[in-house]
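Take a look at the structure set out below.
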Amino acid sequence: MANRDNMHYTHGSFFVTALKELCPITKGEWALIGDDDYDNVTFTMNDGETAPTKEQLDTRTQELKDLWEYNRYQRERKYDYPDLGEFADAYYWAQKGDTTKMDEYVAKCDAVKTAWPKPSE
């Protein structure tokens, strides 16, 4: 099982992800030298293309951070759900007419969903 302590944003920084989205290679190139800050980005845009503004980049960076936090429940649930091997065993016994293990498995899943509820919209 993965280590919960290593759970972090795995796509670099939110800032760089926003840069990649707002300025893909088809529109031009960019270079980031230093910290994640608009003033540290140099843009070389293709003809007819414009670089994203600081406001656009800040907005998209914040949207990515908000989405990451919104989906926290999914990351947390991953570590708490019972093992799929347990499900396979419960399914086997349920097919044989004994639903005791399946009932226990479902109860464990319900407890995880209660502990880490999906945020309301």
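Only one of the numbered conditions (1) farther than 30 Å from Gly28 by Cβ; (2) modelled with pLDDT under 95; (3) surrounded by 14 or more Cβ atoms within 10 Å (Cβ to Cβ) is violated by Tyr79, and that is (3). Of the residues Tyr92, Tyr38, Tyr70, Tyr79, the single one that is more than 27 Å from Thr17 (Cβ to Cβ) and of a type in the set (Ser, Thr, Tyr) is Tyr92. The numbered conditions (1) surrounded by 14 or more Cβ atoms within 10 Å (Cβ to Cβ); (2) more than 22 Å from Val16 (Cβ to Cβ) are all true for Ala51 except (2).
Determine whether Arg60 is under 16 Å from Leu19 (Cα atoms) and out of contact with any Lys or Arg (no Cβ under 6 Å at 6 or more places or on another chain). Answer is yes for this residue.
The values are calculated or read from the model by the stated rules, or taken from the named source; none is laboratory data. Since the model is a prediction, treat every value here as computed from it, not as a measurement. Note that each Cβ is placed from the backbone with ideal geometry, even for glycine, and that neighbours are counted across all protein chains shown.
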